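Before any comments, here is the structure.
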Amino acid sequence: MPVNLSEEALQQLVRRLLVANGVDGITADAVAGSIVAAERDGTLSHGLARLPGFVSSLESGWVTGSPEMIVTDQAPAVVRIDAANGFAQGALARGRDMGIAKARANGICAISIHDSHHFGSLWPDVEPFAVQGLVCLAFVQSRSRIVAPSASRAVLGTNPMAFALPRAGRDPVVWDQASSVLAHGDVILAAKNGHTLPPDAGVDRSGHVSRDPAAVLDGGALLPFGAHKGFLIALLVEVLAAALTGSRFGFEDESARIPGAVTSNAGQMLILIDPSRAGASDFADRIEQLMHALADAGTTRMPGDRRYINRAKAKAGGIAVGDAAMKLLQSSPH
């Protein structure tokens, strides 16, 4: 039977498991925060379901649990972080304050993270910046999983992007989406639960469209959303997250060769913008005008609204943790 835990209690359990598997304290806090936030807000494909992948990637030696990450003041509006083969959330935690300070000083800042493993939702990365009043965009690429229209094999990753928009006195507008029809985690979850995929979400190893998640995972590939338009977005993310950070392209990732390795060694790029320095003195009022116009046109839900509803429910009643997740959280490392 599921056990209901508070966010704080679950955070401590996840953190403890990560530390027991060799993750340093700063990174363990950041990764646990991302996993628990996803579970709390109903993003189940990127919550506790991802924890076994974090652990197996650490156990395989593919990820360095406690690397010597280096934060560099690269340029007036650039922070560069060498994650040294560690988790990207830990790298961002180390460079966040410098990035905010540079965005405040210059109006904009790019945070370039090199040689990292993300393996989680992107929205927990960007939402805190919006809470600070900054507009934030984030891009991260992964091992090759998207096959382009007319192509014979995957080259680009599912390559998610996220956007966070601050609102005065309201929760930020936050979205996070893959460049593929479905995120890879959603396909894994569908296979686990015996569900079929939407039409045109993926292909099998022969290149035939398949609704069977197992066939897509077993040598198949995902399709980009909007056909060539989604492919172009994936290409954009690959350039921003890999080429500009000096990280591996998706087709250069070697995780498939290492037993137990699940995460991708890749890069991440975040762009922070301070509206008050961008010349938009009435930014907050203009955003509210836009939100009202969308509502008047019949928009019933803004990005992030469902997560905020789930968050309130979790705060009131706790987070339901299933038997398998609790067994892992209470286990000891090998």
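For region 205-258, which chymotrypsin sites (Phe, Trp or Tyr not before Pro) are in a loop by DSSP, counting at most 14 other Cβ atoms within 10 Å?
When the chymotrypsin sites (Phe, Trp or Tyr not before Pro) of region 205-258 are filtered for loop state and at most 14 Cβ neighbours within 10 Å, nothing remains.
Between residue 208 and residue 8, what is the label-point separation in nm under the 7 Å Cα-to-beta-carbon projection?
In this crude spin-label approximation the distance works out to 5.6 nm.
Where nothing but the Cβ of Lys and Arg (+1) and of Asp and Glu (-1) is charged, how large is the charge dipole of region 65-143 around its Cα centre, in debye to the nearest 20?
About 140 debye.
Take the Cβ-Cβ distance between residue 296 and residue 251 as r, set R0 to 56 Å, and report the resulting FRET efficiency rounded to the nearest 0.05.
My answer for the efficiency is 0.75.
How much length, in nm to one decimal, is gained on full extension between residue 328 and residue 308, taken as 0.36 nm per residue of separation minus their Cα-Cα distance?
Full-extension gain reported as 4.5 nm.
Counting only the backbone N, which residues of region 48-78 are under 15 Å from the spot 7 Å out from the Cα of residue 239 toward its beta-carbon?
none
Counting helices only, and only those DSSP H runs with n ≥ 4, report the 222 nm mean residue ellipticity of the chain as the sum of -39,500 (n - 2.57) divided by its residues, in deg cm²/dmol to the nearest 500.
-11500 deg cm²/dmol
Once you charge only the Cβ atoms, +1 for Lys and Arg and -1 for Asp and Glu, what is the size of the charge dipole of the chain about its Cα centre, to the nearest 20 debye?
For this selection, approximately 260 debye.
Multiply the residue gap between residue 84 and residue 97 by 0.36 nm, knock off their C-alpha separation, and tell me the result in nm, one decimal place.
Net length gain for the segment: 2.7 nm.
Kindly put 208, 195 in sequence by how many other C-beta atoms sit within 10 Å of each C-beta, fewest to most.
Ascending Cβ contact count within 10 Å gives the list 208, 195.
In a Gaussian network model over the chain where Cα atoms closer than 10 Å are linked, find which of 227, 280, 190 has the largest mean-square fluctuation.
Result for the chain, Cα springs under 10 Å: 280 fluctuates most.
Determine the sum of side-chain charges near residue 288: Lys and Arg each +1, Asp and Glu each -1, restricted to other residues whose C-beta is under 9 angstrom from that of residue 288.
+2
So for the chain, taking the charge dipole from beta-carbon charges (+1 Lys/Arg, -1 Asp/Glu), which of 77, 267, 295 sits furthest toward the positive end?
It is 295.
Excluding residue 197 itself, calculate the net charge of residues whose Cβ lies under 10 Å from the Cβ of residue 197, where each Lys or Arg counts +1 and each Asp or Glu counts -1.
Once all neighbours under 10 Å are counted, the net charge is -2.
Kindly provide the trypsin sites (Lys or Arg not before Pro) of region 240-334 that DSSP labels as loop, not H, G, I, E or B, and whose Cβ sees at most 15 other Cβ atoms within 10 Å.
301
Which GluC sites (Glu not before Pro) does region 179-270 hold that lie in a coil by DSSP with at most 15 other beta carbons within 10 Å?
Loop-located and lightly packed - 254.
No lab work stands behind these numbers, since they all come straight from the coordinates. Fair warning: this is a prediction, and the values are worked out from it, not measured in the lab. Don't worry about glycine lacking a Cβ; one is built from the backbone with ideal geometry, like all the others, and counts go over all protein chains shown.
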